Amino acid sequence: SALERHPPHVGSPPGSLDRLAPDQSLLIFITFSVRSQDIRNTVGNIPMEWYKDYPHIGYDLEGKKIFKPIRNKDELDEFLDKMENPDYWRTVQDKMTGADIRLSDEQVDLVHRLQQGKFGDVNFNEYEPAIDFFSNEVMIHPVTNRPQDKRSFIPSLIEKEKVGKLVHAIKMGWIKPHRPKETTPQYYDLWAKEDPNSILGRHKMHIPAPKMKLPGHEESYNPPPEYLMSEEERLAWEQQDPEYRKLSFLPQKLACLRAVPAYSRFIHERFERCLDLYLCPRQRKMRVNVNPEDLIPKLPKPKDLQPFPTTQSLVYRGHSSLVRSISISPSGQWLVSGSDDCTVRFWEVSTARCLKTVEVGGAVKGVAWNPNLSICLVAVSYDDTVVLLNPGLGDRLVCTATDQLISSYEEPEEVKDQPVQWAVAEGEGHEQGHRLILKHPKAVRQVTWHGKGDYLACVIPDNGSSLQVVIHQVSKRRTQNPFRKNKGLVQCVSFHPIRPYFFVATQRYVRVYNLIKQELTKKLMANCKWISSMAIHPGGDNVICGSYDCRLAWFDLDLSTKPYKVLRQHKKALRSVAYHRHYPLFVSGSDDGNVIVCHGMVYNDLLQNPLIVPVKVLKGHTITHDLGVLDVTFHPTQPWVFSSGADGTVRLFT
Amino acid sequence: MGGLQKKKYESGSATNYVSRNKARKKLSLSLADFRRLCILKGIYPHEPKHKKKVNKGSTAPRTFYLLKDIRFLLHEPVVGKFREYKIFVRKLRKAYGKAEWSGVERMKENKPVYKLDHIIKERYPTFIDALRDVDDALSMCFLFSTFARTGKCHVQTIQLCRRLGVEWMNYIIDLRSLRKVFLSIKGIYYQAEVLGQTITWIVPYQFAHDHPTDVDYRVMATFTELYTTLLGFVNFRLYQTLNLVYPPKLDGQGEFNLKSECEEDYALESESYSEKLSALSASLARTVPLVEDEEAEPDHFPAEGEDLETMEAREKIELEQNKQKKLFEGLKFFLNREVPRESLAFLIRCFGGQVSWDKSLCIGSTYDETDEMITHHIVDRPTIDKQYINRYYIQPQWVYDCVNAKILLPVEEYFLGVTLPPHLSPFVEESEGDYVPPEKLKLLALQRGEKPREETEEEEEGDEEEEDEDDEEEDDQSEEEDEAEDEANLAEMEEKRAQGKRLSVKVTPGKVKQENRMRTEQEEKAEEKRLAIMMMKKKEKYLYDKIMFGKKRNVREANKLAAKRKAHDDANKADKKQNKKKKC
């Protein structure tokens, strides 16, 4: 075999052994020594646990299985063996065959030598004299006999080129072997000659960084006691986000200077300042430096604009529910009010006495006194009905004349189909004053008379139909529907006091129609979400609109279709607005319970804009169910204002 | 319509601004270098008016620089030096790797350095501009000079900062231009007036720093680099204006005094000299010897557009300042070893006093504790064993308070072991309606020359007086409150009246109602105002509301402070009374 041709361990070169790890070399020796038994495993240098689960442990030279020796020694046997066998210590297991091998004396000696780091071969002399082959002594026979290159005799061209370049650069002063020494001192008078040219446009544009904020008393190490934080304040400070804290530190009071500790955020603060300096965009901000008093507009004094109502003088009590609507007789002697308690009450203005109470069949939405002095008639709307009442107050002649006027009606020959049913009140109703009953298809919200007192306009708010506004002619008992199309939910309507115009306020617009030409003449944009009420100046050229979004818009019809002025005086929705017939006054009532009287002077000169000055805030109504003042109206001749509220009262301010 | 259609974002504000990244690319610098360049050149971002337009329709948050600024940076020589330095570092690393030690040495010798002189000159074309910006530089230098000489930055930087700080302090001492000092819990604030510029700086207390980890020291170092250059040039110029030698030298006398002292403690001559300088105990040498004719007063001419009154006021202020400059003249201080020596020495010398300390504490002490001429001994401990009779033993706060009050305050409140009066900030100037602490009022009274109140005589009396004062104060405040609450009062009154109307119908004999004419007039005026406010335009109303809100908030805060003070005083008084009873 190949092994036999080589002498075993003795002749193996020591160098190869050196490179092996001690246990590995040991194994080799042991394998060599096992040669006599001639059980050679051919599996090679593999992990032997691969054969763990097999009965054999490898294959011999002929390719037959080498079976593992039968081992039935348990721990006890092992122990006994260890105790009794004197050669136990020199017995090792051959991994390749699984057999136990007893090491010979020679082998043990070898192991000892290797453990001590000596050569395995006993006879090897490691200190043999060295033979110096390449010494300084020149011998007649050279070690190598290669002839020298030509290049070793001639100077290098590349080197010459390089050196030449360097020399040239040094001559030209491009390269300096040493950096020139600094001659200027570190600091000198930098601004010795200040030339004005050095101030560039940049410097004018430059925004210098703001200086650090100077410390206040609270930053002192010994501040006055009021600057120290109380316990709650301190807790609040601690819970606050550091970004939002008003003070970046906790004020502290220290007994003496010696007790002042180091401030841990000092470097932080300096660093933050640095960041601010180079990272923050800078901007010039114009600080508003105005006296707040200068912002208040200069208006004429209310004193100079008298007369206007200033104090509450009478309260008309009697209604048990909110008073939705009030109206005053053209003579100014009587007042009518309609309430949600299904009654209409007639009051004497000067005494606040309730003269008459008329019960109707529903919550009264609107009352309107006929403006014609020769007719004594009040239109009352509740549910889908409008009743014309003759209160029988004042001049008897006028009352009887009114009754006659109504009873003298003759049925025309051609009965037209009308959207409203007219009926004459009879029986008990008649005794109470009911004269005519008009049944509408839907609930009526507002009634308003034309200045002459013959025409009566009613609003039947309904988003779906075109029948939202009807105009009744009382003398002929005729009803018209002036509009063919539905242009939005109608809020209120009004007749022009002089000319044949008709104003219709929908949610956002006020449309002005010419009744003779039957066309739309103007559309006023109120700039608000929902108009609640509207009033027309007796001159006819100015309109005010109250809206649920707290605004009052004044339109000058000659000027524009946009509001000339929008007043935001009230805190809550406006319910009602009114103009005085003679005085330059208008009034607005709102849900916040206030009635604001304004001076609204309209000049005859077209070039001069109307002057609007609020002159008085009248308070008196208490707010019930979030409702305050529901209706306001002026006395026809006096500068008095009536207001009705949700608290069931009507108040007179004079 | 002729002409090509204009493309979006090709003109106008979109082209006037560049984002930071674009700017960086244009300059072909790394972010760190770009940052450094911006710091050195004082370039800061701009906030465009229409951010979306500039950002080409995107609303992503981005910092923008003016393109003009970036163009201005393009031909900055320092940029070239940055690049050179980068190359140098690369070469050096290579040489190290190859172990070419001679190459390393040569390269280190030729290490590219840059100077910031031209940048300083460019940023501050006039000296006054530079002086205006010196605040931050001083604060930073004083901070860096307290750093330990290991770790966070170069030792040379620390030494330079220290040197510049000492030079500055020496200058301020020589000019005697310190105005205000404030002992805050953060550090000591100083305010000086140099060539008409008010300069404020803060010096941290002498403690080792706990270096935070979330601070970028590179940024701070870049700033310091700039600031040391600036401060050096400023110092040079300032010294020149005072005919002082720069770098500072001690004058002959001072040098002689210090010669004899222990020099063997310091290894280097230069080191001991710089320590002597920083002791702040001796005056500096001048190039031109000082001529002692202080009495030659300059004539005053009113400047253009200035009437006689303002001139007089100016003169008065000047006179006051001159007086303040000589505040401590003739006084001799001795500092105990526990007080902040440098700050106090600086302060006392700034106002003409003489100061010394224990020889073992620091170099540069001029006289001993046993000196008979010492007038004030500054101590910061509850008691002291050996006391000399002919001097005051006071706490250090006295010096600071005196400087701020511009007069020598009575020393009784500052004796050892006495509870100190509060130390107030001299920087707060109370305007009309602000809260003024009672101590400040007392101080103002003292400054006006009124007699200081004798608190020690009788406590009760003092208390009463205090009360009076409180009352006065409250009056003042109540006036303001009146204005604020007027409207509320009126509303209330009107409401009451309205309710009164609803009384029962019973007829009772009427009383003659006395009308308060003043009151009604006021009411009328308030009503008028309210009505006029109703007629304000929306914009103006907003502004008006804002202003009024601010005013009301100020009043509220002042009231809160006053209330707190009152509560505190009351509690104190009660305590005192209890103590008295116990004693009885």
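The values are calculated or read from the model by the stated rules, or taken from the named source; none is laboratory data. Only a predicted model underlies this, so the values are computations on that prediction, with no experimental measurement involved. Note that each Cβ is placed from the backbone with ideal geometry, even for glycine, and that neighbours are counted across all protein chains shown.
Tallying residues that are surrounded by 13 or more Cβ atoms within 10 Å (Cβ to Cβ) and more than 12 Å from B:LYS121 (Cβ to Cβ) within region A:182-202 yields 3.
If the condition is being in a helix (DSSP H, G or I) and more than 9 Å from chain B (Cβ to nearest Cβ), then region A:274-292 contributes only A:ASP276. Scanning region A:163-179 finds one or more residues that are surrounded by 11 or more Cβ atoms within 10 Å (Cβ to Cβ) and within 30 Å of B:PHE72 (Cα to Cα). Does A:SER220 qualify as being surrounded by 14 or more Cβ atoms within 10 Å (Cβ to Cβ), closer than 20 Å to B:ASN572 by Cβ and within 8 Å of chain B (Cβ to nearest Cβ)? Yes: the conditions hold for A:SER220.
I'd like to check something: does region B:376-391 contain any residue that is within 14 Å of chain A (Cβ to nearest Cβ), closer than 21 Å to B:GLU413 by Cα, in contact with a Cys (Cβ under 7 Å, 6 or more places away or on another chain) and surrounded by 19 or more Cβ atoms within 10 Å (Cβ to Cβ)?
Of the residues in region B:376-391, the ones within 14 Å of chain A (Cβ to nearest Cβ) are B:378-384.
Filter once more, keeping what is closer than 21 Å to B:GLU413 by Cα: B:378-384.
Still in the running and in contact with a Cys (Cβ under 7 Å, 6 or more places away or on another chain): B:380.
Okay, now just the ones that are also surrounded by 19 or more Cβ atoms within 10 Å (Cβ to Cβ), so B:380.
Yes: one or more hits.
Evaluate the following for B:GLU122: is it closer than 20 Å to A:LEU190 by Cα and either among the charged types (D, E, K, R) or not assigned by the TED database to the domain that holds B:THR198 (or both)? Walk me through it before giving the result.
Working: closer than 20 Å to A:LEU190 by Cα: yes; either among the charged types (D, E, K, R) or not assigned by the TED database to the domain that holds B:THR198 (or both): yes.
When the stated conditions are applied, B:GLU122 passes them.
Do we find that A:LEU299 is more than 30 Å from A:ASP395 (Cβ to Cβ), touching a strand residue (DSSP E or B) at 6+ places or on another chain (Cβ under 7 Å) and facing chain B (nearest Cβ under 8 Å) in this structure? Answer is yes for this residue.
Counting residues that are exposed (fewer than 12 other Cβ atoms within 10 Å of the Cβ), which helices (runs of 4 or more DSSP H) fully inside region B:73-155 reach at least 2? Walk me through it before giving the result.
Numbers: elements: B:77-97, B:101-109, B:117-123, B:127-132, B:134-144.
Here the list reads B:77-97, B:101-109.
Filtering region B:188-206 to residues that are surrounded by 20 or more Cβ atoms within 10 Å (Cβ to Cβ), more than 20 Å from A:PRO210 (Cβ to Cβ) and out of contact with any Gly (no Cβ under 9 Å at 6 or more places or on another chain) leaves only B:ILE188. A:VAL323 falls short on exactly one of the conditions (1) in contact (Cβ under 8 Å) with a residue 60 or more places away in the chain; (2) more than 9 Å from chain B (Cβ to nearest Cβ); (3) within 33 Å of the chain's Cα centre (by Cα), and that condition is (3).
For region B:151-172, indicate whether the set of residues that are of a type in the set (A, V, I, L, M) and out of contact with any helix residue (DSSP H, G or I) (no Cβ under 9 Å at 6 or more places or on another chain) is non-empty.
Kept after step one, since they are of a type in the set (A, V, I, L, M), are these residues of region B:151-172: B:155, B:158, B:160, B:164, B:166, B:169, B:172.
From what is left, the residues that are out of contact with any helix residue (DSSP H, G or I) (no Cβ under 9 Å at 6 or more places or on another chain) are B:155.
Taking every residue of region B:151-172 in turn, at least one turns out to be of a type in the set (A, V, I, L, M) and out of contact with any helix residue (DSSP H, G or I) (no Cβ under 9 Å at 6 or more places or on another chain).
Could you list, in sequence order, all residues of region B:169-195 that are away from chain A (no Cβ under 13 Å) and either part of a strand (DSSP E or B) or at negative phi (or both)?
From region B:169-195, those away from chain A (no Cβ under 13 Å) are B:169-178, B:192-194; that's our starting set.
B:MET169, B:ASN170, B:TYR171, B:ILE172, B:ILE173, B:ASP174, B:LEU175, B:SER177, B:LEU178, B:ALA192, B:GLU193, B:VAL194 - these are the residues of region B:169-195 that are away from chain A (no Cβ under 13 Å) and either part of a strand (DSSP E or B) or at negative phi (or both).
Here B:HIS568 passes the criteria (1) at the interface with chain A (Cβ under 10 Å from one of its Cβ atoms); (2) modelled with pLDDT of 80 or more; (3) under 30 Å from A:LYS565 (Cα atoms) except the one numbered (3). For region A:241-271, filtered to residues that are facing another protein chain (nearest Cβ under 7 Å) and charged (D, E, K, R), the residue that is farthest from the chain's Cα centre (by Cα) is A:ARG258.
Please work out which residue is surrounded by the fewest Cβ atoms within 10 Å (Cβ to Cβ), limiting yourself to region B:1-37 and to residues that are of a type in the set (A, V, I, L, M) and modelled with pLDDT of 90 or more. Before you say what the answer is, go through the steps one by one.
Taking region B:1-37 and keeping what is of a type in the set (A, V, I, L, M), we get B:1, B:4, B:14, B:18, B:23, B:27, B:29, B:31-32, B:37.
Those still in the list that are modelled with pLDDT of 90 or more too: B:18, B:23, B:27, B:29, B:31-32, B:37.
Values: B:VAL18: 21, B:ALA23: 24, B:LEU27: 18, B:LEU29: 20, B:LEU31: 10, B:ALA32: 13, B:LEU37: 20.
If we take residues in region B:1-37 being of a type in the set (A, V, I, L, M) and modelled with pLDDT of 90 or more, then B:LEU31 is surrounded by the fewest Cβ atoms within 10 Å (Cβ to Cβ).
Just to verify a result, which residue in region A:538-589, among those that are basic (Lys, Arg) and under 16 Å from A:MET601 (Cβ atoms), is farthest from the other protein chains (Cβ to nearest Cβ)? Write out each step before concluding.
Initial filter on region A:538-589 (basic (Lys, Arg)): A:551, A:562, A:565, A:568, A:571-572, A:575, A:581.
Restricting the remaining residues to those that are under 16 Å from A:MET601 (Cβ atoms) gives A:565, A:581.
Numbers: A:LYS565: 9, A:ARG581: 24 Å.
By that ranking, first place goes to A:ARG581.
Restricting attention to region B:38-67, the residues being surrounded by 13 or more Cβ atoms within 10 Å (Cβ to Cβ), within 14 Å of chain A (Cβ to nearest Cβ) and charged (D, E, K, R) number 4.
With respect to B:CYS362, is the statement that it is away from chain A (no Cβ under 14 Å) and under 25 Å from the mean Cα position of the chain (by Cα) true? Before you say what the answer is, go through the steps one by one.
Details: away from chain A (no Cβ under 14 Å): yes; under 25 Å from the mean Cα position of the chain (by Cα): no.
The answer is no for B:CYS362.
Filtering region B:8-36 to residues that are assigned to a helix (DSSP H, G or I), within 36 Å of the chain's Cα centre (by Cα) and closer than 14 Å to B:ARG71 by Cα leaves B:ARG20, B:ALA23, B:ARG24, B:PHE34.
Taking the criterion of being of a type in the set (A, V, I, L, M), touching a Ser or Thr at 6+ places or on another chain (Cβ under 9 Å) and crowded, with 20+ Cβ neighbours inside 10 Å, the residues of region A:562-616 that qualify are A:LEU567, A:LEU574, A:VAL577, A:ALA578, A:VAL587, A:VAL595, A:ILE596, A:VAL597, A:VAL615. Counting only residues that are in contact (Cβ under 8 Å) with a residue 12 or more places away in the chain and either acidic (Asp, Glu) or more than 13 Å from A:ALA535 (Cβ to Cβ) (or both), region A:552-589 holds 20 of them.
Do we find that B:LYS576 is closer than 30 Å to A:PRO297 by Cα, part of a helix (DSSP H, G or I) and more than 9 Å from every other protein chain (Cβ to nearest Cβ) in this structure? Talk me through it step by step, then tell me what you get.
Working: closer than 30 Å to A:PRO297 by Cα: no; part of a helix (DSSP H, G or I): yes; more than 9 Å from every other protein chain (Cβ to nearest Cβ): yes.
Answer is no for this residue.
Selection of region B:199-217 for residues being facing another protein chain (nearest Cβ under 9 Å) and part of a strand (DSSP E or B) yields B:THR200, B:ILE202, B:PRO204.
Just one of the listed residues (B:ILE119, B:ILE43) is in contact (Cβ under 8 Å) with a residue 60 or more places away in the chain and either over 30 Å from B:ASN235 (Cβ atoms) or not hydroxyl-bearing (Ser, Thr, Tyr) (or both), and it is B:ILE119.
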